[in-house]
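The values are calculated or read from the model by the stated rules, or taken from the named source; none is laboratory data. Since the model is a prediction, treat every value here as computed from it, not as a measurement. Reconstructed Cβ throughout: ideal geometry from the backbone, glycine too, with neighbour counts over all protein chains shown. Surface accessibility is based on the protein's heavy atoms, side chains included, excluding ligands, DNA and RNA. Shrake-Rupley method; radii C 1.70, N 1.55, O 1.52, S 1.80 Å.
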Amino acid sequence: MSDVDPTGATEAEEAAMHRALALAETVRGTTSPNPAVGAVILAADGSLAGEGATAPAGGPHAEVQALRAAGPAARGGTAVVTLEPCAHTGRTGPCTEALLAAGVERVVYAVDDPNPEAAGGAERLRESGVDVVAGVEAHAAASGALRPWLHAVRAGRPFVTWKYAATLDGRVAAADLTSQWITGVTARADVHRLRAEVDAVLVGSGTVLADDPQLTVRDDDRLGPRQPLRVVLDRRHRVPDDARVLDDSAETLVLDTAAPQFALKALHDRGVRHVLLEGGPTLAGAFVEAHCVDEVVAYLAPTLLGAGPNALGDAGIGTLADAALLDVESVSRLGDDVKIVARPRWADETTTTEDG
Ligand code: AOF
Ligand code: ZN
């Protein structure tokens with residue numbers, strides 16, 4: 001085995017990290033307020049001894065799950081984890097101590113833990129004689145399943161994905177306000193997958209009045225009965241009692257505000273780390289104006305309307321020089337529709353400053 005990574009990880013450890021990243025993906029949307037972490041234990045001879053991913057909050061961390069699966073085979077082995085093992089006692093005990101007790105001699109991880117309460121795991125392990133390698137596949141980990149949580153720890157508010165489905169000319173409804181269905185069945189199934197990965201789905205009262213959406217995950221074969229929290233911003237108390245969003249198929253929170261920062265703070269306090277903003281145009285405009293959008297997911301149908309509301313309402317931008325700039329992360333085809341994932345430039349700023 002040779003060192004293939006500038007960080008000093010072996011090829012087998014690189015492969016194990018890819019597996020750990022995939023394990024973390026399987027628990028996306030189920031761990032908040034905790035991060036979605038994956039872990040793999042390699043035995044002393046380099047073979048796979050155990051794997052694990054973060055259990056729902058209050059349950060065991062990824063390392064502990066993987067150690068349980070590995071049993072005595074962990075002794076003299078290597079732990080490969082997407083996040084620095086925690087050194088604190090929160091709702092569960094410190095993973096550093098569990099790794100030491102199991103006799104693990106080497107720990108390879110991707111991203112440093114930015115949570116001040118839990119950080120310091122690498123140092124603790126090194127002091128105890130464990131060989132520690134940091135930063136392996138750090139970019140893949142930080143832009144994957146850990147991304148919403150990392151953002152929330154650093155910015156002090158949940159990560160916000162703004163999703164919309166529009167015609168090629170950017171309209172979310174026709175002049176008569178009919179809007180079902182702009183995109184096709186494949187794109188709509190993708191939206192349900194997206195909802196299953198977030199902690200909360202957010203809309204304004206205008207969307208409830210116009211579309212009466214239920215905002216639940218219907219394609220629930222992946223996550224079973226789990227539903228994201230439904231949140232409606234209803235400053236003027238316009239949502240009727242018989243709105244579908246208030247039915248008992250999932251929990252719903254109606255907030256008496258239209259202010260993005262206030263709403264996001266309230267959600268953060270409830271343990272929400274990833275919010276899916278689903279409209280409408282007025283609310284999306286307010287979120288863009290406040291730089292409270294961290295990712296844009298657009299589903300564009302190959303149709304034209306020429307009239308009707310646009311996906312984004314007024315965002316306080318009056319001249320081209322002030323246009324919000326985004327970087328496209330991916331473009332894909334879903335049936336006849338096109339999906340674009342883009343990241344506003346200001347999202348990079350929020351992840352490097354502490355004051356949010
Ligand atoms: C996780 N899963 O796999 C890792 C975590 O309250 P606790 O004891 O569950 O601790 C939560 C903190 O532990 C979390 O904020 C993060 O800093 C650290 N690492 N958490 O839920 C894991 N490795
Ligand atoms: Zn831990």
* Within the bounds of region 3-22, is there any residue that is closer than 24 Å to V198 by Cβ and away from ligand 2 (no atom under 16 Å from the Cβ)? -> yes
* Condition met for H192 (assigned by TED's automatic domain parsing to the domain that holds V108, assigned to a helix (DSSP H, G or I) and surrounded by fewer than 18 Cβ atoms within 10 Å (Cβ to Cβ)) -> no
* Asked: Is it true that V108 is within 28 Å of E14 (Cα to Cα), assigned to a strand (DSSP E or B) and either open to solvent by less than 30 Å² (accessible area, probe 1.4 Å) or acidic (D, E) (or both)?
  -> yes
* Asked: With (1) touching a Lys or Arg at 6+ places or on another chain (Cβ under 6 Å); (2) touching a residue at least 40 places away in the same chain (Cβ under 8 Å); (3) assigned to a loop (DSSP other than H, G, I, E, B) as the list, and G29 as the residue in question, which single condition is left unmet?
  -> (1)
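Residues checked against (1) buried (at least 19 other Cβ atoms within 10 Å of the Cβ); (2) touching a Gly at 6+ places or on another chain (Cβ under 7 Å); (3) more than 14 Å from A39 (Cα to Cα):
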| site | (1), (2), (3) |
| --- | --- |
| H61 | yes, no, no |
| L67 | yes, yes, no |
| R75 | no, yes, yes |
| V81 | yes, no, no |
| T92 | no, no, yes |
| T96 | yes, yes, no |
| G103 | no, yes, yes |
* To do: List every residue pair whose Cβ atoms sit under 8 Å apart, with the two residues 6 or more apart in sequence or on different chains, where the first one lies in region 286-299 and is more than 20 Å from G144 (Cα to Cα) and open to solvent by 10 Å² or more (accessible area, probe 1.4 Å) and the second, anywhere, is among the hydrophobic types (A, V, I, L, M, F, W, C) and not in a loop (DSSP other than H, G, I, E, B).
  => V288/W162; H291/W346
* To do: Enumerate the pairs (first residue in region 131-157 and closer than 13 Å to D112 by Cβ and open to solvent by less than 10 Å² (accessible area, probe 1.4 Å); second residue anywhere and more than 16 Å from ligand 2 (Cβ to nearest atom) and charged (D, E, K, R)) with beta-carbon separation below 6 Å, excluding pairs fewer than 6 apart on the same chain, so at least 6 apart or on different chains.
  => V136/D5
